[in-house]
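The values are calculated or read from the model by the stated rules, or taken from the named source; none is laboratory data. Computed from a predicted model, the values in this text were never measured in an experiment. Cβ placement follows ideal geometry from the backbone for every residue including glycine, while neighbour counts extend to all protein chains displayed.
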Amino acid sequence: MSEISDDSTGYKRPPKGSRFKSGESGNPNGRPKGARGLKTDLDAVLRKRITIREDGELRHVSRQMALLLSLYEKAVHGDTKSAAQITALVTKLDAPGTQQTSEPPPVSDNDRAIVEEFLRRNSRSEENEDES
């Protein structure tokens, strides 16, 4: 077969003149430095503090807290959509009251007997393989 030279073009071999130079990016403009994403902007908006009046007194809270307080007030006054949203948030964030402990669940006597029987059978089959 003939040897392929560096000048040949074809599948996965673009013409030499249009190849990227060594050390040159395929997207030289790319994402500008310091560009923020939606998550960063949303976080910044929700962290800003505003003044609200609660029980006749002024209080400074984050916009996120104000949103949650508003949602809570609507839910308390019978808005089922707001109540469902709060419930979904609690479920999604895994509220502290519902966190599971790090202890493994207790093993029942029946489970222990099954495991012991399994280990007994497998140890016999390994002994038989070693003898043959």
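Some values worked out for this structure:
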quantity: Qualifying residue in region 61-78 (condition: exposed (fewer than 10 other Cβ atoms within 10 Å of the Cβ) and modelled with pLDDT of 85 or more); calculated: yes
quantity: Region 1-55, subset modelled with pLDDT under 90 and not in a loop (DSSP other than H, G, I, E, B), residue surrounded by the fewest Cβ atoms within 10 Å (Cβ to Cβ); calculated: G17
